[in-house]
Each structure stands twice: as C-alpha cells, then as structure tokens.
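As structure tokens, the structure follows; a few thoughts come after it.
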Amino acid sequence: MQLKKLQSILRHFLQSTRSRHIRINLLKSQEIKNLLEVLQFYGYIIGYSLNSTTNSLSVFPRYRLDGGSYLSEIEFYSDLRVYCTYEKLLILSKRSGSAIILLYNPTVGVISHEVALMKGLGGVLICKVQ
C-alpha cells in the first residue's frame, strides 16, 4: 500500500474521532488490519470488525470519560518515502518520548517502533501518534 494512502486513512480516522464518531468505516486491506491491530494494542481503539456486505472494516474508537479521543494528535513525517534504519530508529524513539512511531516494513507490514526495535528492523516512517 502506498504511504500517502496510509496517511490519508489516518487523517480520516483522526478527523472522525474529533467529530466523536462511534464507528468509522475503512476499506479492508491487510495493511489497514495491521494498522488497526497496532492502534488496538496501544489502546487508541476498542476494536474493529469486518462488514461483509460492504467489504470494509468498522472501527470503534476509544474515548475518555470527558468525550475526548485517546488519539489526540498525529504528526506525519513526510509525503516522501523516508526509510529509517534500526540505528536511526533507536535515536528517533529516544527523542519521541511516550509517542508511538508507526512504520511500514515491506516484510512485516505496519508496525510500531517498539516492535521494529525488538525485531531489529527499520522501515518507512509513517507518523508519530500521541
């Protein structure tokens, strides 16, 4: 999947959570499922399910008691394909604090920086999520 497509989906997701949508429909693909699994692991979404009639994924965002989304900010790195090696990712992760860095690795798919560091991988930078 193209980097711009993943970024576009994340922008749509962020806008929908700011509008407090209970369910967000996204096109079904393996990369999107990988992305949703990462977001679910870190608690940004409750879960997702397959809508077989529309061949899409229904995503259920997680909201705080005050109504705000747990996903408050997404910082995109670039529209260009910026590959980050394991060594550069290690430095970048130390600078990012508690934020989650999302990468696309052609072998594994969409992964967090923590998984990439554990597996000794690099990847194309997608965004930083807070």
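The values are calculated or read from the model by the stated rules, or taken from the named source; none is laboratory data. Quantities reported herein were computed from a predicted structural model and do not represent experimental measurements. Here the Cβ is made from the backbone with ideal geometry for all residues, glycine too, and neighbour counts use every protein chain on show.
Could you identify the single residue in Leu71, Leu10 that is at pLDDT below 95, surrounded by 13 or more Cβ atoms within 10 Å (Cβ to Cβ) and more than 17 Å from Gly123 (Cβ to Cβ)?
So the residue among Leu71, Leu10 that is at pLDDT below 95, surrounded by 13 or more Cβ atoms within 10 Å (Cβ to Cβ) and more than 17 Å from Gly123 (Cβ to Cβ) is Leu71.
Among strands (runs of 3 or more DSSP E) lying entirely in the range 85-130, which contain 2 or more residues that are more than 16 Å from Val38 (Cα to Cα)?
The strands (runs of 3 or more DSSP E) meeting that bar number zero.
Taking Leu117, is it surrounded by fewer than 15 Cβ atoms within 10 Å (Cβ to Cβ), over 18 Å from Leu6 (Cβ atoms) and of a type in the set (A, V, I, L, M, F, W, C)?
Against the criterion (surrounded by fewer than 15 Cβ atoms within 10 Å (Cβ to Cβ), over 18 Å from Leu6 (Cβ atoms) and of a type in the set (A, V, I, L, M, F, W, C)), Leu117 does not qualify.
Those residues that are modelled with pLDDT of 95 or more and of a type outside the set (Gly, Ala, Ser), I need them from the range 46-56; list them, please.
Passing the criteria: Ile46, Tyr48.
On the basis of being at pLDDT 90 or above and basic (Lys, Arg), does Arg20 make the cut?
yes
Do you know which of the residues in the range 23-39 that are in contact with a Phe, Trp or Tyr (Cβ under 7 Å, 6 or more places away or on another chain) and closer than 19 Å to Gly68 by Cβ is surrounded by the most Cβ atoms within 10 Å (Cβ to Cβ)?
Filtering first and then ranking leaves Ile24.
Give the number of residues within the range 48-71 that are at negative phi and out of contact with any strand residue (DSSP E or B) (no Cβ under 9 Å at 6 or more places or on another chain).
Looking only at that region, the number is 6.
Give, as residue ranges, the strands (runs of 3 or more DSSP E) completely inside the range 3-76 that count at least 3 residues that are among the hydrophobic types (A, V, I, L, M, F, W, C) and more than 16 Å from Lys128 (Cβ to Cβ).
Those strands (runs of 3 or more DSSP E) span 24-27, 45-51, 56-61.
Which one is farthest from Gly123 (Cα to Cα) among residues in the range 32-68 that are within 13 Å of the chain's Cα centre (by Cα) and aromatic (Phe, Trp, Tyr)?
Looking at residues that are within 13 Å of the chain's Cα centre (by Cα) and aromatic (Phe, Trp, Tyr), I get Tyr44.
Of all residues in the range 2-31 being in contact (Cβ under 8 Å) with a residue 60 or more places away in the chain and over 20 Å from Glu73 (Cα atoms), which is nearest to the chain's Cα centre (by Cα)?
Here the residue is Glu31.
Just checking, how many residues over the range 83-104 are surrounded by fewer than 18 Cβ atoms within 10 Å (Cβ to Cβ) and farther than 22 Å from His12 by Cβ?
Final tally of qualifying residues: 13.
Among the candidates Asn55, Asn34, single out the residue that is touching a residue at least 24 places away in the same chain (Cβ under 8 Å), farther than 25 Å from Lys119 by Cα and not small (Gly, Ala, Ser). Write out each step before concluding.
Working: Asn34 fails: farther than 25 Å from Lys119 by Cα.
Every option except Asn55 fails the conditions.
Within the range 43-68, track down each residue that is within 15 Å of Leu102 (Cβ to Cβ) and surrounded by 14 or more Cβ atoms within 10 Å (Cβ to Cβ). Break it down stepwise before answering.
So in the range 43-68, the residues within 15 Å of Leu102 (Cβ to Cβ) come out as 43-45.
Of everything in the range 43-68, those that are within 15 Å of Leu102 (Cβ to Cβ) and surrounded by 14 or more Cβ atoms within 10 Å (Cβ to Cβ) turn out to be Tyr44, Ile45.
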